Structures are given as structure tokens and as C-alpha cells.
Amino acid sequence: MGVTAKIAPSMLSSDFANLASEAQRMLDCGADWLHMDIMDGYNLNYRLLHKPFILNHCKLMAYLDCHLMVTNPLDYVEPLGKAGASGFTFHVEVSRDNWGELVQRIKSKGMRPGVSLKPGTPIEEVYPLVEGEHPVEMVLVMTVEPGFGGQKFMPETMDKVRALRKKYPSLDIEVDGGLGPSTIDMAASAGANCIVAGSSVFGAPDSAQVISLMRKSVEEVQKNY
């Protein structure tokens, strides 16, 4: 299959008053990535991306997986590159006309490009971005409507994940929204290998146990590929 399990706790569900310590706690619990939701306007998560903030509060070394729910992602390439972002995932719905330029600029800043789509967007819309001259390296399938946490997982979105995995066996496929112990098996069996989880991790009595459970679910499915 050529892909590995990556568990990415969503900092949108963290304690915003203690972002750095919350991030470190997730890494100590076994997280592979930290998922950052970046939206137009002031966003507390954005603070965690600034290196001076990190260096002043903890020794944080992590893959910062940034999901941009913004109207013009090009505006964010420069500042996120300078801030230390690792992955830059933009929405296909706002980038249909300039995605080639966007991907090139993301890569030029040392970040890994990804594309996301809402539950109502046909999966076929991301195919040109995966197969283009300047391809993205990950597809994020939203399993809830983007913008806020705590929503219920939409099982019907797994058809998109299955279609992607069948078409692109070695592609990183991420899912975001309502993921936890009760839904991870559906996502893993559909072919998702990058798992974003918010309240199910941050609100759990044992966050490390939840992260471990989700990783094992993905790894068990991958044995069959």
C-alpha cells in the first residue's frame, strides 16, 4: 500500500489557554502530527505556528498539519512557511482556478501540499490535483461540514475514501470530523490512513489509549493490502 498510519489530534479541541502544553501532551501520548485549523480572521491555533511562541513555552518538535478553511489560501503561503508549517492543505472549492500556482508556491516554502473537499463536493473534483503536473501529496476528505468541532461523523463520506484508495493505492488519505473509537474502523476499512481526531482524544480520560486504538485499527487494515 505504501502509506503509514498517522494520527493527528486536532488542536481545535485543545485548551486554547495552554496551547503549547496541550500540543506537547499529544506528542507524549503518541501523536504523529498536530492538526491545525486555520480560518479567515483571528484564530488561536495560529499562535502555535509561530516559532517564538513555541520556543518560549516548550521544546515542540512536530509535523504541523495545517488545514486552511480560507477564501484565498495564496495569502497564507508566505506566513505559514515562515511560521514553520509542515503541511498546507487547501480546499478545492476555493482553488479551482489557481491550484497549480498554489501547489508550486507551497512546495517552494518547504511545505507538503494537500487538498480538501467538503462532504457535498464530488470526489472527482480532486482527481486533476492528484494527477496534475504539480500534484498534491494528500487528500483530506471532510467527514463533517468544516468550521467547528463536535459534529457527528457522516458515514456516507466513506464512499469517497474508498474511491480514492482504489484509484491511488499509495496516496495519503486523511479524514477529519467525528473520528473516535466508535468510527475509526469505518474510516480505516475504507482506506483512510491519516486520522484527525479532536474531542475524542482531548476529552478522553486516557488520550494515549485512544491514539493507540486508532493507530491499531489503521494498521490492521493495511495488513490486508
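The values are calculated or read from the model by the stated rules, or taken from the named source; none is laboratory data. Computed from a prediction, not measured in an experiment: that's the story for all the values here. With ideal geometry, Cβ positions are generated from the backbone for all residues, glycine too; neighbour counts draw on all protein chains shown. With ligands, DNA and RNA removed, areas are computed over all heavy atoms of the protein, side chains included. Shrake-Rupley method; radii C 1.70, N 1.55, O 1.52, S 1.80 Å.
So here's what we get for this one:
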{"read-out": "Count of residues meeting criterion [open to solvent by 20 Å² or more (accessible area, probe 1.4 Å) and modelled with pLDDT of 95 or more] in the stretch 183-199", "value": "3"}
{"read-out": "Filtered residues of the stretch 75-92 (kept if assigned to a helix (DSSP H, G or I) and modelled with pLDDT under 95)", "value": "ASP75, TYR76, VAL77, GLU78, PRO79, LEU80, GLY81, LYS82, ALA83"}
{"read-out": "Checklist (1) closer than 18 Å to PRO146 by Cα; (2) of a type outside the set (D, E, K, R); (3) modelled with pLDDT under 95 applied to PRO52, failing item", "value": "(1)"}
{"read-out": "Unmet criterion (only one of (1) surrounded by fewer than 17 Cβ atoms within 10 Å (Cβ to Cβ); (2) in a loop (DSSP other than H, G, I, E, B)) for ALA204", "value": "(1)"}
{"read-out": "Any chance LEU27 is part of a helix (DSSP H, G or I), open to solvent by 20 Å² or more (accessible area, probe 1.4 Å), modelled with pLDDT of 90 or more and at negative phi", "value": "yes"}
{"read-out": "Yes/no for GLY180 being surrounded by fewer than 20 Cβ atoms within 10 Å (Cβ to Cβ), out of contact with any strand residue (DSSP E or B) (no Cβ under 8 Å at 6 or more places or on another chain), more than 16 Å from LEU140 (Cα to Cα) and touching a residue at least 12 places away in the same chain (Cβ under 8 Å)", "value": "no"}
{"read-out": "Conditions (1) surrounded by fewer than 19 Cβ atoms within 10 Å (Cβ to Cβ); (2) farther than 24 Å from VAL126 by Cβ: number failed by VAL210", "value": "(1)"}
{"read-out": "Number of the condition not met by MET61 [criteria: (1) modelled with pLDDT under 95; (2) surrounded by 19 or more Cβ atoms within 10 Å (Cβ to Cβ)]", "value": "(2)"}
{"read-out": "Qualifying residues in the stretch 92-143 (those that are among the small types (Gly, Ala, Ser) and open to solvent by 60 Å² or more (accessible area, probe 1.4 Å)) - the one farthest from PRO79 (Cα to Cα)", "value": "GLY120"}
